[in-house]
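Data first, discussion second: the structure below is written as structure tokens.
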Amino acid sequence: QVQLVESGGGLVQPGGSLRLSCAASGFAVSPYVMSWYRQAPGKERVLIATITPAGGITNYADSVKGRFTISRDNAKNTVYLQMNSLKPVDTAVYYCASVGATYDYWGQGTQVTVSS
């Protein structure tokens with residue numbers, strides 16, 4: 001059974017940092033592009049970061065570029081999202097995912113709340 005389990009969310013003050021983890025089981029992440037999405041209250045889920053299988057290429061939404069870093073450890077079957085300089089607008093549920101033409105794997109999400 002394929003599972004993606006996110007962790008590391010929580011409440012943080014503006015300007016603070018969090019590191020999200022996404023642990024995969026039931027499949028090996030190494031051949032796949034992995035992504036992080038987020039969904040703010042009342043809004044659609046949006047793609048914020050992707051990383052290629054070997055980790056050599058990353059892409060970010062403009063809203064997080066320069067503040068967030070996606071990385072992966074294929075040996076640990078885990079993907080990470082380092083989030084720095086957090087703002088209240090970053091408040092959302094964050095999802096780890098691997099989405100392709102013939103597959104669609106999602107985690108359950110982890111809540112990130114940025115508030116003073």
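The values are calculated or read from the model by the stated rules, or taken from the named source; none is laboratory data. Everything quoted here is computed from the prediction, not taken from an experiment. No Cβ is skipped: glycine too gets one built from the backbone with ideal geometry, and neighbour counts run over all protein chains shown. SASA here: full protein model, heavy atoms, side chains in, ligands and nucleic acids out. Shrake-Rupley method; radii C 1.70, N 1.55, O 1.52, S 1.80 Å.
Out of Val89, Val93, report the one residue that is closer than 15 Å to Ala49 by Cα and surrounded by fewer than 22 Cβ atoms within 10 Å (Cβ to Cβ). One residue alone meets the criteria, Val93. Against the numbered list (1) within 12 Å of Cys96 (Cα to Cα); (2) assigned to a strand (DSSP E or B), Val29 comes up short only at (2). Each residue in region 54-75 was checked for being in contact (Cβ under 8 Å) with a residue 24 or more places away in the chain, within 18 Å of Ala28 (Cβ to Cβ) and assigned to a loop (DSSP other than H, G, I, E, B), and 1 pass. The residue that is farthest from Trp36 (Cα to Cα), counting only those in region 96-116 that are more than 12 Å from the chain's Cα centre (by Cα) and crowded, with 17+ Cβ neighbours inside 10 Å, is Val114.
Look at region 94-116: where a residue is closer than 18 Å to Gln13 by Cβ, no partner that is open to solvent by less than 10 Å² (accessible area, probe 1.4 Å) and at pLDDT below 95 sits 6+ places away or on another chain with Cβ atoms under 7 Å.
Here is the figure for region 11-53: residues that are surrounded by fewer than 18 Cβ atoms within 10 Å (Cβ to Cβ), touching a residue at least 60 places away in the same chain (Cβ under 8 Å) and touching a Pro at 6+ places or on another chain (Cβ under 8 Å) total 2.
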